[in-house]
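Enquirer: Before I ask anything, here is the structure I am working with.
What follows draws every value from the coordinates through simple rules; no lab data is involved. Predicted, not measured: the structure shown is a model, and the values here were computed from it. FYI the Cβ positions are ideal-geometry reconstructions off the backbone, even for glycines, and counts take in every protein chain you see.
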Amino acid sequence: MKIALVSTFVPFLYGGARNIVEWLEIMLQRAGHEVERVYLPEIETTDTLMPQMAAFQWLDLSAADRVICFRPQAHLVRHPHKILWFIHHIRIFYDLWDDDGYRPIPNDRYGRQFRAALFAEDTHAISEARRVFTNSKVVSERLKRYNDIDSEVLYPPIFASERFQCRQYNDEIVYICRIEHHKRQHLLLEAMALTKTPVKLRVCGASSSDAYAASLQQRIDALGLQDRVKFAHGWISEDEKISLLADCLAAAYLPEDEDSYGYPSIEASHAAKAVITTTDSGGVLELVVDGVNGFVTLPTAEALAAAMDTLYSDRALATRLGKAAQKRLAEIHISWTHVLDRLLV
């Protein structure tokens, strides 16, 4: 079968939205399909969004037997056999609209008309799809709430999960992901200052904001955590990430209202490590069950500190939660076999 994978991207910005496309491409090719990957540059500003959306509708992908679309606004592409693996809306116009810190235009007559036009275009384009999948229950609920469209949750796996392994449970909690304010690395630093055990923390990742990364280093210094916190600002290699997860005590992932469970949490699970997250982290809560394969705490420094101390003090518990984390992946059908079965039905 000839399959076109269509998604959008912000030039020079890399993240999980590209992984889901490129890993699926490899798995489809291994299954014998001919695959074309199509990336559409998109900048989500009010003066460029609508013209970009119009351009997407004129793309001719008729040579493909099937089109699978991912990141918005790729779903505007027209094709008689269009499948969506919908990973999120343009959230600043959807669930983040009422937050003045995110809304890109005033909530006035023009702003509301712009938003209504976007809703209408999205709903029409998504309704054209043969089937609609999402990457989490959170996203499925948003599709139903804002567009009145039903969808099926299809959790994205990681590529070559067998690379991840568990060697030991040392003294270190690791947090490996992009260094961004909404990932809340600062909250974990505040928690470290309240811990009562010698537990350690390692924070790794690149950032689109040097200012936020600098503020984290300043906070480490101000809290006197230089001996217990290692901060690596910049992408680490896959080999280094695999090694860190193999040896760590547990992993942390506490974004604010994330769309999905996030690759950091699933990578840690494959390495048989418990995941610490918070009650407001969104899709992560579909993977992490409190006291079963990790800890789900209140989003406070005090609660996070208590979780880290508990894991440090009870290695048997850390081991038990870590092993359960591996089992949880199978329970919610996180596998490429399941993905291909559903996308190609």
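Enquirer: For Trp85, Trp235, Trp58, what's the fewest-to-most ordering of other Cβ within 10 Å of each Cβ? Can you show the working numbers first?
Expert: Numbers: Trp85 26, Trp235 15, Trp58 9.
Ranked by crowding around the Cβ, least crowded first: Trp58, Trp235, Trp85.
Enquirer: Further question: May I ask you to order 149-157, 261-269 by the average number of other C-beta atoms within 10 Å around their residues, highest value first? Mind showing how you got there, number by number?
Expert: Values: 149-157: 18.6, 261-269: 25.8.
So the order, starting with the most tightly packed, is 261-269, 149-157.
Enquirer: Specify which residue in the list Leu61, Leu49, Cys166 is farthest towards the positive end of the charge dipole of the chain, using unit charges on the beta carbon of Lys, Arg (+1) and Asp, Glu (-1), about the Cα centre.
Expert: Toward the positive end, the furthest listed residue is Cys166.
Enquirer: Taking the Cβ of Asp150 as the centre, find all other residues whose Cβ is under 12 Å away and add up their charges (Lys, Arg: +1; Asp, Glu: -1). Intermediate results must be reported in sequence, preceding the final value.
Expert: Working: positive: Arg131, Lys144, Arg145; negative: Glu141, Asp148, Glu152.
Spelling it out: positives minus negatives among the neighbours equals 0.
Enquirer: Another question about this same structure. To the nearest 20 debye, what charge dipole does region 1-46 have about its Cα centre, counting +1 at the Cβ of each Lys and Arg and -1 at the Cβ of each Asp and Glu? Could you put the intermediate results ahead of the total?
Expert: On the way: 4 positive and 6 negative charges, 30 e Å.
Approximately 140 debye in magnitude.
Enquirer: Rounded, prolate or oblate: which one fits region 272-345, using the alpha carbon gyration tensor with axes a ≥ b ≥ c (rounded when a/c is under 1.5, else prolate when a/b beats b/c, else oblate)? Present the calculation step by step, with values, prior to reporting the outcome.
Expert: Working: a/c = 4.46, a/b = 1.82, b/c = 2.44.
It comes out oblate by the Cα gyration axes.
Enquirer: Report the residue, chosen from Asn293, Asn19, Asn135, that carries the largest GNM mean-square fluctuation when the chain is represented by alpha-carbon nodes joined by springs under 10 Å.
Expert: Checking each option, the largest mean-square fluctuation is seen for Asn19.
Enquirer: Here is a further query. Specify whether the C-alpha gyration tensor of region 161-331 places it in the rounded, prolate or oblate class, a ≥ b ≥ c being the square roots of the eigenvalues: rounded for a/c under 1.5, otherwise prolate if a/b is larger than b/c and oblate if not.
Expert: Values: a/c = 1.37, a/b = 1.28, b/c = 1.07.
Rounded.
Enquirer: Next up: At 0.36 nm per residue, and after removing the present C-alpha to C-alpha distance, how many nm does the segment from Ala55 to Lys327 gain when stretched out fully?
Expert: On the way: separation 272, 0.36 × 272 = 97.92 nm, distance 4.44 nm.
Fully extending the segment from Ala55 to Lys327 adds 93.5 nm.
Enquirer: If we count every other residue with Cβ under 13 angstrom of Val21's Cβ, Lys/Arg +1 and Asp/Glu -1, where does the sum land?
Expert: Values: positive: Arg18, Arg37, Arg71; negative: Glu22, Glu25, Glu36.
Once positives and negatives cancel, what remains is 0.
Enquirer: Per 0.36 nm of contour for each residue apart, how much would the distance between Glu44 and Ile105 grow if the chain were fully extended, relative to their Cα-Cα spacing? Mind dumping the intermediate values first?
Expert: Details: separation 61, 0.36 × 61 = 21.96 nm, distance 1.18 nm.
Stretched out fully, the Glu44 to Ile105 stretch lengthens by 20.8 nm.
Enquirer: Here's another thing I want to ask about it. Would you mind checking Lys183/Lys327; Lys82/Lys183; Lys273/Lys327; Lys200/Lys241; Lys82/Lys144 for any pair whose Cα atoms are more than 21 angstrom apart?
Expert: Details: Lys183/Lys327 26 Å; Lys82/Lys183 33 Å; Lys273/Lys327 11 Å; Lys200/Lys241 17 Å; Lys82/Lys144 19 Å.
Among Lys183/Lys327; Lys82/Lys183; Lys273/Lys327; Lys200/Lys241; Lys82/Lys144, the Cα-Cα distance tops 21 Å for Lys183/Lys327; Lys82/Lys183.
Enquirer: Nearest 5 is fine: what % of DSSP beta bridges in region 161-331 come out antiparallel, could you say?
Expert: Details: 1 of 21 bridges.
The antiparallel fraction comes to roughly 5 percent.
Enquirer: Follow-up question, since we're still on this one. Can you work out D for region 2-154 in µm² s⁻¹ from Stokes-Einstein, where Rh is the Kirkwood radius over C-alpha pairs, the temperature is 37 °C and the viscosity is 0.692 mPa s? Working shown, then result.
Expert: Working: Rh = 16.0 Å.
Translational D for this selection: 205 µm²/s.
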